[in-house]
Amino acid sequence: MRSKGTAKYNFQHIIGNNDILICCKDKAARASKTTSPILIYGETGTGKELFVQAIHNNSDRNNRPFIAQNCAAIPSNLLEGILFGISKGAFTGAEDKKGIFELANEGTLYLDELNSMPIELQGKLLRVLQDGTIRRLGSSKNRSVDIRFIVSLNEWPELLIEEGKLRKDLFYRLNVVRIDLPPLRNRKEDIPLIIEHFIKKFNEKFHADIDDIEISSLEKLINLDWQGNVRELEHVIEGVFNLKQKGKINDKDLEYLGLNIKNKNMSLKSKIEGIEKTFIKEALIINKYNITKAADFLQVPRQTLQSKIKKYNIQN
C-alpha cells in the first residue's frame with residue numbers, strides 16, 4: 001500500500017505521440033478536475049498507475065492522501081478488514097484500526113486488479129460508492145468518507161462480467177469515465193521515444209554513458225510483440241545497462257539477453273486482419289455471442305460477420 005506523498009508522476013511523464021495515447025491523456029486530464037469514478041483498462045505494463053498518479057496530481061486533491069492497493073496482493077479473507085478497518089473486539093485481540101477507505105478520506109484511492117476482489121466484497125464496495133459511508137468490521141457505527149475512486153483492470157471488463165468475475169452493477173457505477181490504454185504493439189511509433197527516455201534514465205541511475213541504439217537493433221525491438229508492454233521494454237533496456245557502460249545498444253546486446261529477434265510478418269494485410277479479429281471477438285463477447293447484435297454493433301451485415309467468424313475460426 002502506498003499513501004500520501006507517493007504519487008510522483010504527472011502527465012508529462014507519459015511518453016508518446018500515438019493518437020490513442022494522446023486521447024487517453026486528454027480524457028484523463030479533463031476527468032482529473034472532477035470527482036467522478038474512473039475505470040482504466042489496460043494490459044499489464046501499459047502504465048495504468050502512471051495515469052492514476054497523474055490524475056491525482058492534476059486534481060484538486062493533490063495535497064491530500066493518495067493510496068494505491070493491488071487487490072490481488074492480499075488474501076481475500078483479509079482484504080475486507082484492510083479496506084474497511086477493524087473495530088475493537090471484532091475478534092480475539094482485535095484493536096481499533098483504520099482501513100484504507102478511512103486513510104484515503106478526502107483523497108484518491110486506486111484499486112488495481114479490481115477483478116481479484118471477491119464478488120461479495122464487490123457488493124460492499126458498491127455501497128461505499130453509492131452512500132459514501134463505511135462500517136468497520138465488528139462495528140455498528142457508520143463513518144462518512146469522501147473518496148475519489150480510480151480502479152483498473154488488466155482484462156477486458158465486458159469479458160469479466162460474462163465470466164462472473166466482475167459485478168455488472170459495480171461496473172456501471174465505476175464506468176463513468178472509461179480509459180482504455182493501448183498496448184505497446186499498437187503504438188510502435190512511440191518505441192524510439194520510450195527507448196530514448198530509458199537510456200537517459202539508466203545512464204543517470206548507473207552512471208553510464210550509453211548514447212544511443214543502433215538502427216538495426218531499434219528495428220528488431222520495434223518488430224517484437226511486447227506482451228509485457230512498456231514495462232517489458234524498460235526491463236530490456238535495464239538489462240543492457242547491466243552488460244555495458246558505454247557505446248550504443250547493438251544486436252549482440254539483444255542476443256545476449258535472449259530476445260527472440262527474428263523478423264516477423266510485418267505485412268499490412270496481416271496487421272489489419274489481426275486488428276479485425278480482435279474487434280470481432282470483443283463485439284461477440286459484449287453481445288454474448290449473438291451474431292445479429294454483434295453485426296449491428298460492428299455496423300456490418302450479418303452474413304459478412306458470419307463469414308469472418310468462420311475465416312478466423314472464432315469460437316464461443
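The values are calculated or read from the model by the stated rules, or taken from the named source; none is laboratory data. Given the structure is predicted, the values throughout are model-derived calculations rather than measurements. With ideal geometry, Cβ positions are generated from the backbone for all residues, glycine too; neighbour counts draw on all protein chains shown.
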Quiz prompt | Residues of the range 26-81 satisfying the condition of being in contact (Cβ under 8 Å) with a residue 40 or more places away in the chain, in contact with a Ser or Thr (Cβ under 7 Å, 6 or more places away or on another chain) and of a type in the set (S, T, N, Q) | solution = 58, 59
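Could you list all residues from the range 146-164 that are acidic (Asp, Glu) and either assigned to a loop (DSSP other than H, G, I, E, B) or under 27 Å from residue 58 (Cα atoms) (or both)? Spell out how you get there, then give the answer.
From the range 146-164, those acidic (Asp, Glu) are 146, 155, 158, 162-163; that's our starting set.
Matches in the range 146-164: 146, 155, 163.
So, residue 135, is that one under 20 Å from the mean Cα position of the chain (by Cα), assigned by TED's automatic domain parsing to the domain that holds residue 44 and in contact (Cβ under 8 Å) with a residue 24 or more places away in the chain or not?
Working: under 20 Å from the mean Cα position of the chain (by Cα): no; assigned by TED's automatic domain parsing to the domain that holds residue 44: yes; in contact (Cβ under 8 Å) with a residue 24 or more places away in the chain: yes.
Spelling it out, it is not the case that residue 135 is under 20 Å from the mean Cα position of the chain (by Cα), assigned by TED's automatic domain parsing to the domain that holds residue 44 and in contact (Cβ under 8 Å) with a residue 24 or more places away in the chain.
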Exercise. Out of 283, 295, report the one residue that is surrounded by 14 or more Cβ atoms within 10 Å (Cβ to Cβ) and touching a Pro at 6+ places or on another chain (Cβ under 7 Å).
Key: 295
Quiz item: From the list 204, 234, 196, 219, which residue is part of a helix (DSSP H, G or I), in contact (Cβ under 8 Å) with a residue 24 or more places away in the chain and not assigned by TED's automatic domain parsing to the domain that holds residue 122?
Solution: 234
Practice problem: Answer yes or no as to whether residue 275 is within 26 Å of the chain's Cα centre (by Cα), surrounded by 15 or more Cβ atoms within 10 Å (Cβ to Cβ), outside the structural domain of residue 164 (by TED's automatic domain parsing) and of a type in the set (A, V, I, L, M). | Solution: no
Practice problem: Check off (1) out of contact with any strand residue (DSSP E or B) (no Cβ under 6 Å at 6 or more places or on another chain); (2) at pLDDT 95 or above; (3) of a type in the set (Asp, Glu) for residue 112 and give me the number that stays unchecked. | Solution: (1)
Quiz item: For the range 218-230, does any single residue satisfy the condition of being in contact with a Gly (Cβ under 6 Å, 6 or more places away or on another chain) and of a type outside the set (A, V, I, L, M)?
Solution: yes
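Given the condition of a type in the set (A, V, I, L, M), modelled with pLDDT of 90 or more, touching a Leu at 6+ places or on another chain (Cβ under 7 Å) and assigned by TED's automatic domain parsing to the domain that holds residue 199, answer yes or no: does some residue in the range 283-293 qualify? Walk me through it before giving the result.
If we filter the range 283-293 for residues that are of a type in the set (A, V, I, L, M), which is where we start, we get 283-286, 291.
Okay, now just the ones that are also modelled with pLDDT of 90 or more, so 291.
Okay, now just the ones that are also touching a Leu at 6+ places or on another chain (Cβ under 7 Å), so 291.
Add one more test, that the residue is assigned by TED's automatic domain parsing to the domain that holds residue 199, and what stays is none.
Looking through the range 283-293, none of the residues is of a type in the set (A, V, I, L, M), modelled with pLDDT of 90 or more, touching a Leu at 6+ places or on another chain (Cβ under 7 Å) and assigned by TED's automatic domain parsing to the domain that holds residue 199.
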Practice problem: Restrict the check to the range 256-269 and report whether at least one residue is modelled with pLDDT of 85 or more and among the charged types (D, E, K, R). | Solution: no
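Considering only residues that are of a type in the set (A, V, I, L, M, F, W, C) and part of a strand (DSSP E or B), look in the range 35-75 and name the one that is surrounded by the fewest Cβ atoms within 10 Å (Cβ to Cβ). Walk me through it before giving the result.
Step one: of the range 35-75, the residues of a type in the set (A, V, I, L, M, F, W, C) are 38-40, 50-52, 54-55, 66-68, 71-74.
The next check asks that each one be part of a strand (DSSP E or B); those that pass are 38-40, 66-68.
On the way: 38: 25, 39: 20, 40: 25, 66: 27, 67: 22, 68: 22.
Applying the filter and picking the extreme gives 39.
Given the structure, is residue 88 under 20 Å from residue 148 (Cβ atoms) and assigned by TED's automatic domain parsing to the domain that holds residue 136?
Working: under 20 Å from residue 148 (Cβ atoms): no; assigned by TED's automatic domain parsing to the domain that holds residue 136: yes.
It is false that residue 88 is under 20 Å from residue 148 (Cβ atoms) and assigned by TED's automatic domain parsing to the domain that holds residue 136.
Please go through the range 109-145 and give me each residue that is within 19 Å of residue 98 (Cα to Cα) and part of a helix (DSSP H, G or I), ordered by number. Write out each step before concluding.
Step one: list which residues in the range 109-145 are within 19 Å of residue 98 (Cα to Cα), which gives 109-111, 121, 124-125, 127-129, 131-145.
If the condition is that a residue be within 19 Å of residue 98 (Cα to Cα) and part of a helix (DSSP H, G or I), then 121, 124, 125, 127, 128, 129, 131 are the ones that fit.
Tally up the residues in the range 11-34 that are among the polar types (S, T, N, Q) and either in a helix (DSSP H, G or I) or at pLDDT below 95 (or both), please. Steps first, answer last, please.
Kept after step one, since they are among the polar types (S, T, N, Q), are these residues of the range 11-34: 12, 17-18, 32, 34.
Filter once more, keeping what is either in a helix (DSSP H, G or I) or at pLDDT below 95 (or both): 12, 17-18.
Looking only at that region, the number is 3.
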Quiz prompt | Which numbered condition residue 185 fails, given (1) in contact with a helix residue (DSSP H, G or I) (Cβ under 7 Å, 6 or more places away or on another chain); (2) basic (Lys, Arg); (3) without any contact (Cβ under 8 Å) to a residue 60 or more places away in the chain; (4) more than 27 Å from residue 118 (Cα to Cα) | solution = (1)
